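**Student:** Okay, handing you the structure first.
No value in this document is a laboratory result; all are computed from the given coordinates. Keep in mind that what you see is a predicted model, and the values were worked out from it rather than measured. Cβ atoms come from the backbone with ideal geometry, glycine included; neighbour counts cover every protein chain shown.
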There are 2 protein chains.
Amino acid sequence: MICIADNIQITRKVIENALNSYSREPIMEQVRICEQHGADMIDINTGPLTRNPEDKMRFFVETVQEATSLPLMLDTSNPIALKAGLEICRNTVYINGFSLEPHKLETILPLAVTYRAKIVGYLLNPDSSVPLNALERMDRALSLFEECSRRGLDLEQLIIDPVLVPLLWADGSLQAMDVLEVIRSLPDLLGFPVKTIVGLSNLTTGAPDPEKKYLMERTYAAMLGMAGIDMVLMNITRRQTVDTLKAASILMKRRVFSWEEL
Amino acid sequence: MICIADNIQITRKVIENALNSYSREPIMEQVRICEQHGADMIDINTGPLTRNPEDKMRFFVETVQEATSLPLMLDTSNPIALKAGLEICRNTVYINGFSLEPHKLETILPLAVTYRAKIVGYLLNPDSSVPLNALERMDRALSLFEECSRRGLDLEQLIIDPVLVPLLWADGSLQAMDVLEVIRSLPDLLGFPVKTIVGLSNLTTGAPDPEKKYLMERTYAAMLGMAGIDMVLMNITRRQTVDTLKAASILMKRRVFSWEEL
């Protein structure tokens, strides 16, 4: 189980300010916090970077690489910024993410082919709306696989994100259960040990109080583990959620257990 | 999801002493603690009660009934004690438990038929050893169902316990995963919406420290919820485990979610 920190994101004021003023230290400090909390990978969520995308992405990636040698996930919908980031990555790098949206197939997917980077594909409709149920997600997964094959991606580079939506949505809890079903079924459906990832923070967006939020997050984390998830993008400072994912992962290995592993 | 307190058991000194000296108050106090912690049912684990089984069981059941009107589970391998308890139960009563052991089929199962009580059947071998894997458990479940039908039990009275063993056992974590598989598959296998129960405390017996113990317990609790468990016998004072079971149960209902439910 790979735990990826979603903490280095432009929507956080500390990160936004540091990026806008090209200040390295606040970003490095946040990255060190992620590493201290057990992150296996760092997601660099820059947003679309409409102004100076190449400069800003280069600064961002260089800064993060100064603080850590962990693998990085570049998380932007801007292919110009993405390319600039991929060019200067020394650490192992993943692209997060693309989907069946035509412009993403045209501009993001080819970068994964060129740079031989692993890439996260979201199970979204071509108009970027969320599928209604597990069956529709499965259908999107088949389409993604076809598109990737056709466009020359080695299928081992593909990681599928079935897209978790907030429980607050009218059908949020149904979707959460469908996502578990998809994670469990995908390798059989595709006839391939496809890796899966979920963005866990999304589940509890808008929760009325922290205690309930964390309770639901760690409960669902155990379920993700049972479903066979490979990677979880999450707020890495939530100790109990990280611990739960690790405990679930140990159980799921189906081999002799030792309390020392925990 | 029904949470059953396993706290009222003879192996605890406070209960043993109270039972031996026929002191009601310590038992009632412990029952009230269980109810305050959200127990839906109280398991009365008397052990075999080799001396004065009828007197002691009557005293025990009467005392618990003075403290609570919650449903009770009578947990003894002694059919004489069990019969005495069933006779004076005013609260809803369950029998816990029997298995394919011949003397239990002969002496415990008929009491469930006579008193029309729900009864927990363990998926154990006839010699009381634990099955080796999920397949063997499924086979024991089929045998239990046949025996129950043959002996006149209404199948809706039967609750299946697939028997969780400590993670410390050489194959403990494999068995824990098998138990989840059995819980998920049993209704399909038996062609009947059979209810399932698990004794959760057993899983973490011998854990080296409380933090790891509770982490593994609540992680597995979420998995039990996802597998579709109906009843969990547990240390009801573990707030996080109870909360996790409730959260899992809410998610599993597959209907519109509200944070107010938690």
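**Student:** Residue check: is B:M216 crowded, with 23+ Cβ neighbours inside 10 Å, within 12 Å of chain A (Cβ to nearest Cβ) and not hydroxyl-bearing (S, T, Y)?
**Tutor:** Values: crowded, with 23+ Cβ neighbours inside 10 Å: yes; within 12 Å of chain A (Cβ to nearest Cβ): yes; not hydroxyl-bearing (S, T, Y): yes.
Answer is yes for this residue.
**Student:** Filter the range A:230-253 down to residues that are of a type in the set (A, V, I, L, M) and away from chain B (no Cβ under 11 Å) and give me whichever is surrounded by the fewest Cβ atoms within 10 Å (Cβ to Cβ). Show your work before the answer.
**Tutor:** In the first step, residues of the range A:230-253 are kept if they are of a type in the set (A, V, I, L, M); the result is A:231-234, A:236, A:242, A:245, A:247-248, A:250-252.
Then drop every residue that is not away from chain B (no Cβ under 11 Å), which leaves A:231-234, A:236.
Details: A:M231: 21, A:V232: 25, A:L233: 26, A:M234: 25, A:I236: 26.
Residue satisfying both the conditions and the ranking: A:M231.
**Student:** Right, here's the next one. Looking only at residues that are among the β-branched types (V, I, T) and more than 20 Å from the chain's Cα centre (by Cα) in the range B:40-79, which one is surrounded by the most Cβ atoms within 10 Å (Cβ to Cβ)? Walk me through how you get there before you give the answer.
**Tutor:** Kept after step one, since they are among the β-branched types (V, I, T), are these residues of the range B:40-79: B:42, B:44, B:46, B:50, B:61, B:63-64, B:68, B:76.
Filter once more, so that each one left must be more than 20 Å from the chain's Cα centre (by Cα): B:50, B:63.
On the way: B:T50: 9, B:T63: 21.
The qualifying residue surrounded by the most Cβ atoms within 10 Å (Cβ to Cβ) is B:T63.
**Student:** Among (1) more than 10 Å from chain B (Cβ to nearest Cβ); (2) acidic (D, E); (3) under 21 Å from B:P210 (Cα atoms), there is one condition A:E260 misses while meeting the rest; what is its number?
**Tutor:** (1)
**Student:** Any residue in the range B:176-191 that's away from chain A (no Cβ under 12 Å): show its pairings with residues that are surrounded by fewer than 16 Cβ atoms within 10 Å (Cβ to Cβ) and in a helix (DSSP H, G or I) at Cβ separation under 8 Å, as long as the two are six or more apart or on different chains.
**Tutor:** From residues that are away from chain A (no Cβ under 12 Å), the pairs are B:L189/B:L142; B:L190/B:L142.
**Student:** Of the residues A:R151, A:R140, which single one is buried (at least 20 other Cβ atoms within 10 Å of the Cβ) and among the basic types (K, R)?
**Tutor:** On inspection, the qualifying residue turns out to be A:R140.
**Student:** Out of the residues in the range A:236-262 that are in a helix (DSSP H, G or I) and in contact with a Ser or Thr (Cβ under 7 Å, 6 or more places away or on another chain), state the one that is farthest from A:G199 (Cα to Cα). Full working, then the answer.
**Tutor:** First pass over the range A:236-262, keeping only residues in a helix (DSSP H, G or I): A:239-252, A:259-261.
Pick out the ones that are also in contact with a Ser or Thr (Cβ under 7 Å, 6 or more places away or on another chain) and you get A:244, A:247-248, A:251.
On the way: A:T244: 16, A:A247: 19, A:A248: 17, A:L251: 22 Å.
Within the range A:236-262, the match that is farthest from A:G199 (Cα to Cα) is A:L251.
**Student:** Considering only the range B:165-197, state which residues are part of a loop (DSSP other than H, G, I, E, B), under 16 Å from B:M138 (Cβ atoms) and among the aliphatic types (A, V, I, L, M).
**Tutor:** Residues of the range B:165-197 part of a loop (DSSP other than H, G, I, E, B): B:165-171, B:191-194.
With under 16 Å from B:M138 (Cβ atoms) added as a condition, the list becomes B:191-192, B:194.
Listed by number, the list holds a single entry, B:V194.
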